[in-house]
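Undergrad: I'd like to ask some things about the structure below.
Just so it is clear, none of the values below were taken in a lab; they were calculated from the coordinates. Nothing here was measured: the structure is a model prediction, and the numbers come from that model. Because the Cβ atoms are built from the backbone with ideal geometry, glycine has one as well, and the counts that use them run over all protein chains shown.
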Amino acid sequence: MTSALRYYGLKLQALVLLALGRAQGALPRFDQMLQLQPTDRYALASRAHVLVKLNHADAAIASLQQLTAAWPQEAAGWFNLGYVLQRTGRHDEAEPAFRSALKCDARMDRAWYGLALVLMHQRQFHEALEALKKNTALQPLSPHGWYRMVQVRLALGQPEEARKLIDHLRRFEPRVAAQLESETGLGQGVTSNAVCDAAH
């Protein structure tokens, strides 16, 4: 059997195992695929995805670092690396990963959002605000960016701006707007200087 046939045979096996919910069984197939093609984009990305599902974050990060080293022009690889780093509390490492994703694709809204979360955690609220402006411009009907922007405005001591954002959000996500009013007290006309906790 040629190496190409063996590679595609392993890929088919991995796909079947994943479809059957047997992620653990798919891992050795990805490892064998990488023995045949060490920089294979599909195998590296899929291996990392499975490792995240199995709660093996460090191994997933290592796989994604291999992916971004081999395919530095791919925004998705950088974003996924940043996402896993951010979710595991490695915010300082996540920041350059998200920035690399945006260098590859400045219209990747989820990378702007991920970068904003990291900047919020680092208490760089002005930069976080700019990242959220990019995110909401690209995803104007998603509540997540607006929600975080309210938190940032409050962290900057700008309750009136936060209230305007809640009013804007009420037009298409009234439940989220009501939740923010309850959390911040802005719905009752109470100003707040609450500092957001970006870790949540």
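Undergrad: Based only on other Cβ atoms within 10 Å, what is the fewest-to-most ordering of Asp105, Asp31? All intermediate terms of the calculation are to be shown ahead of the outcome.
TA: On the way: Asp105 15, Asp31 12.
In increasing order of surrounding Cβ atoms, one gets Asp31, Asp105.
Undergrad: Report the local net charge at Tyr42: Lys and Arg +1, Asp and Glu -1, summed over other residues whose C-beta lies under 12 Å from its C-beta.
TA: Values: positive: Lys11, Arg29, Arg41, Arg47; negative: Asp40, Glu74.
Charge balance near Tyr42 sits at +2.
Undergrad: Quick one: what do you get for region 104-200 if you divide its Cα Rg by 2.2 N^0.38 Å? Write down the numbers at each step before the final one.
TA: Details: Rg = 12.6 Å, N = 97, 2.2 N^0.38 = 12.5 Å.
Normalised Rg, Cα atoms only: 1.01.
Undergrad: Please state the equivalent ellipsoid semi-axes for region 15-75: what are the square roots of 5 times the Cα gyration tensor eigenvalues, largest first, in whole Å? Can you show the working numbers first?
TA: Numbers: eigenvalues 71, 35, 18 Å².
Result for region 15-75: semi-axes of 19, 13, 9 Å.
Undergrad: Tell me the label-point distance for the pair His56, Arg87, using the 7 Å Cα-to-Cβ offset, in nm and rounded to one decimal.
TA: If labels sit at His56 and Arg87, their model points lie 1.6 nm apart.
Undergrad: Taking only the Cα atoms of region 1-41, how large is their convex hull per residue, in Å³? Don't skip to the answer; put the middle values down first.
TA: Working: hull volume 2.5 nm³, N = 41.
Enclosed volume per residue, from the Cα hull, is 61 Å³.
Undergrad: Also, I was wondering about something else. Within a 10 angstrom radius of the beta carbon, how do Val150, Val50 rank from fewest other beta carbons to most?
TA: Details: Val150 29, Val50 23.
The order, fewest Cβ neighbours first, is Val50, Val150.
Undergrad: Then there is this: How do Arg171, Arg29 line up, fewest other C-beta atoms within 10 Å first?
TA: On the way: Arg171 9, Arg29 23.
By the 10 Å Cβ count, ascending, the order reads Arg171, Arg29.
Undergrad: What share of Cα pairs, in percent, lie more than 22 angstrom apart in the chain?
TA: Values: 11136 of 19900 pairs.
For the chain, the fraction of Cα-Cα distances above 22 Å is 56 percent.
Undergrad: Next question, about the same structure. Within straight cross-link reach of Lys164, meaning Cα distance under 29 Å, which lysines are found once same-chain residues fewer than 8 apart are removed?
TA: Lys133, Lys134
Undergrad: Ranking request for peptides 72-81, 2-11: highest mean number of other beta-carbon atoms within 10 Å first, then the rest in descending order.
TA: Working: 72-81: 20.5, 2-11: 13.4.
So the peptides 72-81, 2-11, ranked by packing, come out 72-81, 2-11.
Undergrad: Hey, rough spin-label estimate for Asp31 and Gln73, points 7 angstrom out along Cα→Cβ, what's it come to in nanometres?
TA: If labels sit at Asp31 and Gln73, their model points lie 3.2 nm apart.
Undergrad: Determine the calculated [θ] at 222 nm for the chain from helices alone, applying -39500 (n - 2.57) to every DSSP H run no shorter than 4 residues and normalising by the residue count; nearest 500 deg cm²/dmol.
TA: Numbers: 11 runs with 148 residues, N = 200.
Here the helix-only value at 222 nm equals -23500 deg cm²/dmol.
Undergrad: A follow-up question, please. Once the other residues with Cβ under 11 Å from the Cβ of Ile61 are scored (Lys, Arg +1; Asp, Glu -1), what is the net sum?
TA: Local charge sum for Ile61: 0.
Undergrad: What is the sum of charges, Lys and Arg at +1 and Asp and Glu at -1, for the other residues whose Cβ falls under 14 Å from the Cβ of Arg29?
TA: Numbers: positive: Arg6, Lys11, Arg22, Arg47; negative: Asp31, Asp40.
It works out to a net charge of +2.
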